[in-house]
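S.K.: Handing you a structure now.
The values are calculated or read from the model by the stated rules, or taken from the named source; none is laboratory data. Quantities reported herein were computed from a predicted structural model and do not represent experimental measurements. Counting neighbours? That spans all protein chains shown, and the Cβs are built from the backbone with ideal geometry, glycine included. Protein only, heavy atoms only, side chains kept; ligands, DNA and RNA dropped before computing areas. Shrake-Rupley method; radii C 1.70, N 1.55, O 1.52, S 1.80 Å.
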Amino acid sequence: MQKYNPQKIEKKWQKEWDKSEIYKAEDFSEKKKFYCLIEFPYPSGAGLHVGHLRSHIAIDIIARKKRMSGYNVMYPIGWDAFGLPTENFAIKTKTHPKIVTENNIKNFTKQIKSYGPSFDWSREINTTDPKYYKWTQWIFLKLFNSFYDEKLDKARDIKYLDIPKNLNALEKREFIDSHRLAYEAEMAINWCPSCKIGLANEEVVNGTCERCGALAEKKIMKQWMLRITKYADRLIKDLDTVDYLNKIKTQQVNWIGKSEGAIVKFQIKTDDNIKTPEHSSEVFNEPEGNPRCRSKTCHPIYNNSINDNEKVVKSKNDAEPAEGFEPSDNRMTNLYLHHATGKSTPNLLYHSLKVFTTRPDTLFGCTYMVLSPEHPLIKNLESGILNLEEVKKYIEQAKNKSDLDRTDLAKEKTGVELKGIKAINPINNEEIPIWLADYVLASYGTGAIMAVPAHDERDFEFAKKFGLEIKQVVAPLFIGEGKNKIRKDKKNTKRTVVDVIIKHWEKDEYFCLDWSKSKNDWKSFVVGGVEKGESEEEAALREAKEESGYQNMRVVKKIGGIAYSRFFAAHKDVNRRDIKRSCVYIELLNSSFIEPKEEEVKNHNGIWVKKEKVKDFINLQEPKIHWDILQNGEKPFIGYGIAINSEQFNNLETSEFKIKITKWLEENNLGKKAINYKLRDWVFSRQHYWGEPIPIVKCEKCGNIALEKKDLPLELPDVKNYEPTDTGKSPLAKIDQWVNIKCPKCNSNAKRETDTMPNWAGSSWYFLRYIDSKNNKEFASPEKLKYWMPVDLYNGGMEHTTLHLLYSRFWHKFLYDLGYVNTSEPYKIRRSHGMILAEDGQKMSKSRGNVVNPDEVIEKYGADTLRLYEMFMGPYGDAIPWSTSSLIGMNRFLEKIWKMQNKVGTQNFVSANKNIETLLHQTIKKVTEDIENLKFNTAISSLMILLNGLDKKEKISNIQYSIFLIMLSPFAPHITEELWKMFENKESIHLQKWPEYNEKLAEETEITLVIQINGKVRDQIEVPADISEEEAKKIALGRDKIKKWTEGKEMRKIIFVKGKLVNVVV
RNA sequence: GCCCGGGUGGCGGAAUUGGUAUACGCGACAGACUUAAAAUCUGUUUCUCGCAAGGGAUUGUGGGUUCGAGUCCCACUCCGGGCACCA
């Protein structure tokens, strides 16, 4: 027998597989298709580290197993090669990024081939290849030439857009441009001063650049944007149709951040009162835009005309997108740019202000309004603001704050009142103050809020700080459960009550009631009824005296608000519907005491409880809350409950109230139902060289003109210097002969767009190109798309959940709307791998110097050892530290397999031991199921158990060994192929049929029956698996060990679990 | 603060969904082989009391349900990830 020499055999078989193309996927095979996918790598100069391989290997195992199970498997690979790292390296080494990319791909290919994955290399793609990015540009132009048809709820060609008749040529163009799914907007974007590039919202992490960590700045630039927000709702809804890890779904849903509520319109009133028309004369839906602001992307407060043309007729439950949230803005963008930059600031009359709220039911509790410091209304109200200097100063301060400062939750709230100006609460016509504060974001909703301090934490904090009115309009409702549940057959009684917290005269102890004397399990403070004409304090004092017996006390303070409760009171045999007015905190002054009347104390015992024990002693919700307030201060109640102080809406439950008031607002033209999203449109321009050129020509006369399909690809011109510029202009802008061209429409002088696309562009559709990677006529043929799509299994990192995964779903839906693909979702199943940490438990990184290089591991132990270890180290989805010593265990496992070839006899099952056969079938079952469920670690462990079993035998059969090798082959393709061929097999092991198990043979015939006494294991016996209950009990009780425990004791019960145990209860 | 995960030996981790907790691997210890070491092979290895037979404890903490809980329920705590003044 030769020594196991992985270096030799692995290279040999890799060449052989390459030559014979055994992993090639067939288009239109008779077999069932299976398309599995990993996120294609970015070929960086650093090369692969062991962490990158984890998902490649895992999906490779699935691909191999599926292939052996008779599927036509496509497992493709390619390169996501545009982007900054390559460009930066190119600049540093003065090498063309094309060359850098080529070299990196060469190196990556070598590395990848060295661990033996079963990729179909014939479909290899490269996003920087003009033949590829021709289609990226083509899709971009499709977006440019489409609009979102709200009626049909899908994208359509722009030629179907309804254009208002009365527009002149320029207005018409602007109208169309403002409806394109790829559109230009001048806006404040996130700018990384170090990378010198604009960032998408998703690329900003904690206010810093995701890539380099530099603090992102705001920069106002004209940007290409993609209207992903139009797909927000579908991107949430269609998650129901796919199988993604739950955490991926919730992350996407949270990121899109849908909230339903209402837009409410408030009237603004200045002191002189001349600028405020009667609101009754207004119609809510009437356009009220600023006629002098030309921009269609301007805030809809100024411009409603676009919306009005897009009115959607939807089902009753579907609200239109919030008006205050038109899609032109990016998440970090200043909505009011045109005004804020002073481009268009006419001194107009502004008579209303809209806010978005998810709690229209709290409108009666709105005691002030807050505008974000950037709100344009301020500028137009200047003449009425009495403290203008102060206000301007505040705006200036806010402007100079970084995003990080502004969003720091730990800091105290700041703000300034607009003196001389008031808002009118439309529900009750009350005049309320208007404040400016940077806790209100310009980029969400309408940039203004109605403040309800009693029911919102932020408003509460602000109101407390500035002494603003806090008005409770929602009362919490506590409903008894269990014993305390309302009983239908009992009488209902209504009472008005107060909680009374009584403090001891010298100790830090509190008077509590234990109701166990009556039929209740309550533990509370003193609860007292408020009698007619009595104040809460008076009632509290009276009850405190009656129930506790103490006589000298004083009211310290009243805390809490109104709360309702509904429960059954067993001691009175009635249902109670209490209105708790508040809680009164009382301190005893001395021990003066008169024995309370029997009547007062027959249901409960009074107990003094130490301060630190009170929290655990009390078991009713309201007193618990009152105690918390006494200890930690008042808090707003933000939950749902019952309306109070809300006039005709009083006593409505919150969710019902919301519906009713929204209807009321709509009927009175004061507001309407609205939906808001946190998701912003996708900033699509990058001011860099190494990306797809945006195929647009800019003509002074004709505006933005799309290139024709025949002019694609628009190739990147060669350029001497690809350094980014500080001006924010792309390096392409400097190449005059490329930039200056004739307008394709009017032939006058025009310029090319010089920004490029982000590297998320190429990756947003690459999985479609694999299907037909050589097609010159289409991005892929419809027939092939139909055959292969959707992707059956897609694996990728969690870090791409709100980036690539969301973007590519968006593009796919767009292509679906236009009829280019036949599924609305691209990926059927999405899974995610865990990170491999360095041996020190930290993230692997070059700077920490703790990176494990797969090349070295392969060199020393072989690819099969590496592959096995990466799968064995722990659950696939978990982050696990690398351990070289554990890796050695996998090498030992392979050595053992190698040596076992000597034990293989030629006879088939003749000498097979019954136990081994059972074990074999159990293993087939386990491995088959585990691979399907991505439980590779336990699959390998069961293969080890089988090997250990085989190893105990003198001889093993050819068939046993073969089945073992076949099962191992997806994990360790090289050694299994070598051993397989050694036994005179002609065809590759990777083309063999996956073994099937026999359920009968996998069953044990003998089991270990466990005998327990009171749930504790006391004895075990070998018995036939199908032993009857009676038989088992008889044997169990007859055992000496068991007799020892049962002697002299009464046997209460014997439990029998088939095939498992007998439990004797004594 | 909110939303997801998770806490099991010295370490990575198993546990058929309520039925023998600690599979499998690493490490450690002892033995065999060897002049010796490495490699390999054999055995031991959750903790604890005990010479032993045997007992006791144990799945982050505290309670509960159950004949029986790592698994279910309640409260707390710690760790990881995501979001974060989103009205």
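S.K.: Within segment A:681-711, find all residues whose amide N lies under 20 Å from a label point positioned 7 Å from the Cα of A:Lys742 along Cα-to-beta-carbon.
M.R.: A:696-711
S.K.: Moving on to the next point. Please find the FRET efficiency linking A:Ala46 to A:Glu600, where r is the Cβ-Cβ separation and R0 is fixed at 56 Å, and quote it to the nearest 0.05. Don't skip to the answer; put the middle values down first.
M.R.: Numbers: r = 80 Å, r/R0 = 1.42.
Taking R0 as 56 Å, the efficiency between A:Ala46 and A:Glu600 is 0.10.
S.K.: If you don't mind, another one. Grab the beta carbon distance between A:Glu171 and A:Lys24, set R0 = 56 Å, and tell me the FRET efficiency rounded to 0.05. Don't skip to the end; give the middle numbers.
M.R.: Details: r = 56 Å, r/R0 = 1.00.
It comes to 0.50.
S.K.: Give me the tail of P(r) for segment A:862-947 as a percent: Cα-Cα pairs with distance above 20 Å. Walk me through the intermediate numbers first.
M.R.: Working: 1598 of 3655 pairs.
The answer is 44 percent, as a whole percent.
S.K.: Could you work out the local net charge near A:Phe936, counting Lys and Arg as +1, Asp and Glu as -1, over the other residues with Cβ closer than 9 Å to its Cβ? Write out the running numbers ahead of the final one.
M.R.: On the way: positive: A:Lys935; negative: A:Glu870, A:Asp930.
Result for the neighbourhood of A:Phe936: -1.
S.K.: Here's something else I'd like to know. For segment A:85-136, count all C-alpha to C-alpha pairs, find those more than 17 Å apart, and express that count as a whole percent of the total. Working shown, then result.
M.R.: Working: 658 of 1326 pairs.
I get 50 percent for the Cα pairs in segment A:85-136 exceeding 17 Å.
S.K.: Take segment A:918-982, compute every pairwise Cα distance, and split them into 10 Å bins from 0; I just need the percent in each bin.
M.R.: 21, 55, 23, 1
S.K.: What residue among A:Ala169, A:Asn104, A:Ser146 has its Cα farthest toward the positive end of the dipole of segment A:102-176, where the charges are +1 on Lys, Arg and -1 on Asp, Glu, each on the Cβ?
M.R.: Farthest along the dipole direction, towards plus: A:Asn104.
S.K.: Okay, next question. What trypsin sites (Lys or Arg not before Pro) in segment A:774-821 are in a loop by DSSP, with at most 13 other Cβ atoms within 10 Å of the Cβ?
M.R.: A:Lys774, A:Lys777
S.K.: Can you quote the Å³ per residue value for the convex hull of the Cα atoms in segment A:591-712, rounded to an integer? Numbers along the way, then the final one.
M.R.: Details: hull volume 45.9 nm³, N = 122.
Here the figure is 376 Å³ per residue.
S.K.: Could you tell me how far the Cα centroid of segment A:17-46 sits from the Cα centroid of segment A:429-453, in Å?
M.R.: 55
S.K.: Suppose the chain between A:Ser1028 and A:Lys488 were pulled fully straight at 0.36 nm per residue; how much longer would it get relative to their current alpha carbon spacing?
M.R.: Numbers: separation 540, 0.36 × 540 = 194.40 nm, distance 4.89 nm.
Extra length available between A:Ser1028 and A:Lys488 comes to 189.5 nm.
S.K.: Counting alpha carbon pairs within less than 8 Å and at least 6 residues apart, what relative contact order, in whole percent, applies to chain A? Before the final figure, lay out the partial values.
M.R.: Values: 2023 pairs, mean separation 148.0, N = 1066.
In percent, rounded to a whole number, it is 14.
S.K.: Just name one of A:Gly834, A:Phe657, A:Trp608: the one whose Cα is farthest towards the positive end of the charge dipole of chain A (beta-carbon charges, Lys/Arg +1, Asp/Glu -1).
M.R.: Comparing the listed Cα positions along the dipole, A:Gly834 ranks first.
S.K.: Measuring from label point to label point, each 7 Å out along Cα→Cβ, what is the A:Leu245 to A:Lys92 span in nm?
M.R.: 3.1
S.K.: Full-extension gain between A:Lys32 and A:Glu382, please, as 0.36 nm times their residue separation minus the C-alpha to C-alpha distance.
M.R.: 119.0 nm
S.K.: Dipole size in debye (nearest 20) for segment A:471-595 around its Cα centre, Lys and Arg Cβ +1, Asp and Glu Cβ -1?
M.R.: Values: 26 positive and 20 negative charges, 180 e Å.
The dipole magnitude comes to about 860 debye.
S.K.: Suppose we take every Cα in segment A:935-1057 and form the convex hull; what volume per residue is that in Å³?
M.R.: Values: hull volume 19.0 nm³, N = 123.
Given the Cα convex hull of segment A:935-1057, per-residue volume reads 154 Å³.
S.K.: Pull out a ≥ b ≥ c, the square roots of the eigenvalues of the alpha-carbon gyration tensor of segment A:183-248, then state rounded if a/c is under 1.5, prolate if not and a/b is larger than b/c, and oblate in the remaining case.
M.R.: Working: a/c = 3.93, a/b = 1.62, b/c = 2.43.
Cα axes put segment A:183-248 in the oblate bin.
S.K.: Next question, about the same structure. How far apart, in nanometres, would the label points at A:Glu984 and A:Lys465 be if each is projected 7 angstrom from Cα along the Cα-to-Cβ direction?
M.R.: 8.7
S.K.: Based on the mean of other Cβ atoms within 10 Å per residue, sort peptides A:561-573, A:985-997 so the most packed one is first. Display every interim value, and only then the final one.
M.R.: Numbers: A:561-573: 18.5, A:985-997: 14.9.
Packing order, densest peptide first, comes out as A:561-573, A:985-997.
S.K.: Rolling a 1.4 angstrom probe over the protein heavy atoms, how many square angstrom per residue are accessible across chain A? Working shown, then result.
M.R.: Values: 48190 Å² over 1066 residues.
Counting only protein heavy atoms, the per-residue value for chain A is 45 Å².
S.K.: Taking all protein chains in place and a 1.4 Å probe, what share, in percent, of the accessible surface of segment A:503-646 do carbon and sulfur account for? Write down the numbers at each step before the final one.
M.R.: On the way: 3320 of 7190 Å².
Summing carbon and sulfur atoms, their accessible area is 46 percent of the total for segment A:503-646.
S.K.: Provide the per-residue ³J(HN,Hα) series for segment A:850-864, in order, calculated from phi with Karplus coefficients 6.51, -1.76, 1.60 and θ = phi - 60°, each as a whole number of Hz, with x at glycine and proline positions.
M.R.: 10, 6, 9, 8, x, 4, 5, 5, 5, 4, 8, 10, x, 5, 5
S.K.: Would you mind working out the magnitude of the charge dipole of segment A:928-1066 relative to its Cα centre, with +1 at each Lys and Arg C-beta and -1 at each Asp and Glu C-beta, to the nearest 20 Debye?
M.R.: Details: 21 positive and 23 negative charges, 178 e Å.
Here segment A:928-1066 has a charge dipole of around 860 debye.
S.K.: Separate question: Pull out a ≥ b ≥ c, the square roots of the eigenvalues of the alpha-carbon gyration tensor of chain A, then state rounded if a/c is under 1.5, prolate if not and a/b is larger than b/c, and oblate in the remaining case.
M.R.: On the way: a/c = 2.44, a/b = 1.13, b/c = 2.16.
Since a/c reaches 1.5 but b/c is at least a/b, the shape of chain A is classed as oblate.
S.K.: Still on this structure: Between A:Asn552 and A:Asn428, how high is the FRET efficiency from 1/(1 + (r/R0)^6) when r is the Cβ-Cβ distance and R₀ = 60 Å? Nearest 0.05. Spell out each step's value before the answer.
M.R.: Numbers: r = 44 Å, r/R0 = 0.74.
Efficiency, rounded to the nearest 0.05: 0.85.
S.K.: Here's another thing I want to ask about it. For segment A:947-1022 and segment A:793-861, what is the separation of their Cα centres, given in Å?
M.R.: 33
S.K.: Further, regarding this structure: Which one of A:Phe872, A:Gly797, A:Gly482 is farthest out on the positive end of the charge dipole of chain A, using unit charges on Cβ (Lys, Arg +1; Asp, Glu -1) and the Cα centre as origin?
M.R.: Positive-end residue among those listed: A:Phe872.
S.K.: If the only charges are +1 at each Lys and Arg Cβ and -1 at each Asp and Glu Cβ, what is the size of the charge dipole of segment A:399-496 around the Cα centre, to the nearest 20 debye? Present the calculation step by step, with values, prior to reporting the outcome.
M.R.: Values: 19 positive and 15 negative charges, 184 e Å.
Dipole size: approximately 880 debye.
S.K.: May I pose another question? How many nm separate the modelled label positions at A:Ser194 and A:Ile1055, each set 7 Å beyond the Cα in the direction of the Cβ?
M.R.: Distance between label points: 6.0 nm.
S.K.: Can you give the three extents of the C-alpha atoms in segment A:446-493 along their principal axes, from longest to shortest, in whole Å?
M.R.: 51, 25, 17
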